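J.: My questions all concern the structure below.
The values are calculated or read from the model by the stated rules, or taken from the named source; none is laboratory data. Every value quoted in this text rests on a predicted model; they were computed, and no experiment measured them. All Cβ positions, glycine included, derive from the backbone under ideal geometry; neighbour counts span all protein chains shown. We work out accessible area using only protein heavy atoms, side chains counted, and drop any ligands, DNA or RNA first. Shrake-Rupley method; radii C 1.70, N 1.55, O 1.52, S 1.80 Å.
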Amino acid sequence: MEITQQLKEIEKAALREIETSRSLKEVQDLRIRYLGRKSRITSILKELGSLPKEIRPEVGRVSNEIKRCIEDAIENRGEDLSEDIFSGLDEKEKIDITEPGIKGERGTLHPITQLRMELEDIFMSMGFTIATGPEIELDYYNFEALNIPQDHPARDIQDTIWTIDGNLLRTHTSSVQIRTMEKLKPPIRIVAPGRVFRYEETNASHEHTFYQVEGLMVDRNISVSNLIAVMRTILREVFQKDVAVRLRPGYFPFVEPGFELDISCHLCDGNGCQVCKYSGWEELLGCGLVHPNVLRMSGIDPEEYSGFAFGMGLDRLVMMRYGIDDIRLFHSGNLRFLEQF
Ligand code: PHE
C-alpha cells in the first residue's frame with residue numbers, strides 16, 4: 001500500500017478510537033500507540049530520508065498533517081473527559097452511590113472538661129466570674145500568703161513537687177484566691193477551675209494530678225450560711241436533686257473556721273464501698289471563712305470585709321456523678337472508658 005494511503009488509514013483508526021475512548025488513561029495509551037517512539041508515524045518520519053526523492057515532500061507533509069490532527073484530537077478528548085470526570089462516575093467506576101457512607105469517629109469532651117464547663121455556667125449564673133492562675137507557682141501564692149508558715153507540714157516534700165529553681169507545681173487552686181485579691185477590690189465573686197499536683201502515690205481515689213474548682217466570695221457580712229447556700233445550690237444543679245451533705249470541722253491555715261464538706265457516696269448510696277472507704281460519705285471539698293491574716297496580706301481590711309472560700313475536687317464530683325470507681329481512669333487514655341461520655 002502506498003505510504004500516504006497507509007497514513008490515512010492510521011489517521012482514521014486513531015480518530016475513531018480517540019472518539020470512543022472513555023477515560024484519560026485510555027487517551028494516554030492512544031497517544032503512546034499512535035504518536036509514541038514506536039508508532040508507525042514516528043518511524044515513517046524518521047525514515048523520510050531513505051524514501052525516493054519524488055515522494056519525500058508529499059509523505060513528509062501528509063505525515064506531519066496527520067500527526068498534528070491526531071494530537072489535536074487527543075488534546076480535545078482529554079479536555080472533554082476531564083471536564084466530565086464526575087458524570088457517569090458511578091457507571092465507570094462501579095460505585096454504588098446509594099450505599100451508606102462510612103461514619104467518621106467523633107470525639108467528645110473529657111468528662112472532667114464537661115463538668116468543669118457546666119460548673120462554670122452555674123457559677124456564672126450566680127454572678128461569679130472565672131479566674132485563672134499559673135500551674136507552676138511561687139511559694140508565696142501557694143503557701144506564704146495563705147497563712148501557711150515556712151515550717152507547716154503542708155510544705156512537706158512528700159506533698160509538694162518543687163522545681164529546681166525553688167518554685168513549685170501548685171498543690172491547690174487556693175493560690176488563685178491570692179492572685180485575685182491582689183487585683184480586685186471587694187465585692188469579689190470568682191471561681192477558678194484548674195489542674196493541681198501532689199507528690200503522692202496513686203490508687204483508686206488518689207492521683208498525683210487532678211482538678212479543683214476554687215471559689216472565693218468577699219464582701220461585707222459574708223458568713224457560713226452564704227457558703228452553705230451556695231454549695232447546696234451548686235450540688236442540686238449538678239446532681240439534679242437535693243444531695244445529702246455534711247459539714248465537719250476541718251483545718252486549713254487560710255480559713256477560720258474551716259470545714260470539710262462531704263456528700264453522701266453516690267457509688268454505694270451511703271452503704272460503704274472502696275471509694276468512700278466504707279464510710280458512706282465522700283469528701284468533696286474544703287471550705288471556710290477566709291482567715292483575717294489572708295485578707296490583710298492581700299490588702300483587704302478584715303474589719304470591714306469577710307469572705308468564704310472553697311476548693312472542690314472536680315474529679316471526685318465527676319466520679320460521684322457517673323459512678324466511676326477509679327480516679328486513674330481519667331488519665332488512662334482508655335477510649336473504651338472515654339467514649340461513654
Ligand atoms: N486548698 C484546699 C485543699 O486543696 C481546699 C480549700 C480551699 C479549703 C479553700 C478551704 C478553702 O485541700
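J.: With 330, 310 as the choices, which residue is within 16 Å of the ligand (Cβ to nearest atom) and buried (at least 18 other Cβ atoms within 10 Å of the Cβ)?
T.: 310
J.: Hey, another quick one. Given the options 339, 256, 304, 260, name the one that is surrounded by fewer than 22 Cβ atoms within 10 Å (Cβ to Cβ), more than 14 Å from the ligand (Cβ to nearest atom) and closer than 30 Å to residue 220 by Cβ.
T.: When all the criteria are applied, what remains is 304.
J.: How many of the residues in region 167-217 are within 12 Å of the ligand (Cβ to nearest atom), in contact with a Gly (Cβ under 9 Å, 6 or more places away or on another chain) and open to solvent by 50 Å² or more (accessible area, probe 1.4 Å)?
T.: The number of residues fulfilling the criteria is 1.
J.: Another one. Restricting the search to region 1-60, which residues are within 60 Å of the chain's Cα centre (by Cα), assigned to a loop (DSSP other than H, G, I, E, B) and surrounded by fewer than 16 Cβ atoms within 10 Å (Cβ to Cβ)?
T.: 22, 23, 36, 37, 38
J.: Got a sec? Which of 109, 119, 115, 81 is touching a residue at least 60 places away in the same chain (Cβ under 8 Å) and open to solvent by 80 Å² or more (accessible area, probe 1.4 Å)?
T.: The unique qualifying residue is 109.
J.: Counting only residues that are over 19 Å from residue 214 (Cα atoms) and in contact with a Lys or Arg (Cβ under 8 Å, 6 or more places away or on another chain), how many does region 301-326 have?
T.: 3
J.: Just checking, does region 186-198 include any residue being without any contact (Cβ under 8 Å) to a residue 24 or more places away in the chain and assigned by TED's automatic domain parsing to the domain that holds residue 332?
T.: Scanning region 186-198 turns up no residue that is without any contact (Cβ under 8 Å) to a residue 24 or more places away in the chain and assigned by TED's automatic domain parsing to the domain that holds residue 332.
J.: Out of (1) surrounded by 15 or more Cβ atoms within 10 Å (Cβ to Cβ); (2) within 22 Å of residue 318 (Cβ to Cβ); (3) not aromatic (Phe, Trp, Tyr), what's the single condition that is false for residue 240?
T.: The one condition residue 240 does not meet is (1).
J.: How many residues, within region 266-287, are free of Cβ contacts under 8 Å to residues at least 60 places away in the same chain and surrounded by 15 or more Cβ atoms within 10 Å (Cβ to Cβ)?
T.: Counting residues in region 266-287 that are free of Cβ contacts under 8 Å to residues at least 60 places away in the same chain and surrounded by 15 or more Cβ atoms within 10 Å (Cβ to Cβ) gives 14.
J.: Tell me which of these residue 223 doesn't satisfy, since it passes every other one: (1) within 14 Å of the ligand (Cβ to nearest atom); (2) small (Gly, Ala, Ser); (3) open to solvent by 10 Å² or more (accessible area, probe 1.4 Å).
T.: (1)
J.: Pull out all pairs, ordered by first then second residue, where Cβ-Cβ is under 6 Å, the residues are six or more apart or on different chains, the first lies in region 9-30 and is closer than 26 Å to residue 93 by Cβ, and the second is outside any helix (DSSP H, G or I).
T.: 27/21
J.: Name the residue that is farthest from residue 181 (Cα to Cα), counting only residues in region 288-315 that are in contact (Cβ under 8 Å) with a residue 24 or more places away in the chain and assigned to a helix (DSSP H, G or I).
T.: 315
J.: Ok, one more. Given the structure, is residue 298 polar (S, T, N, Q) and away from the ligand (no atom under 16 Å from the Cβ)?
T.: So residue 298 fails the test.
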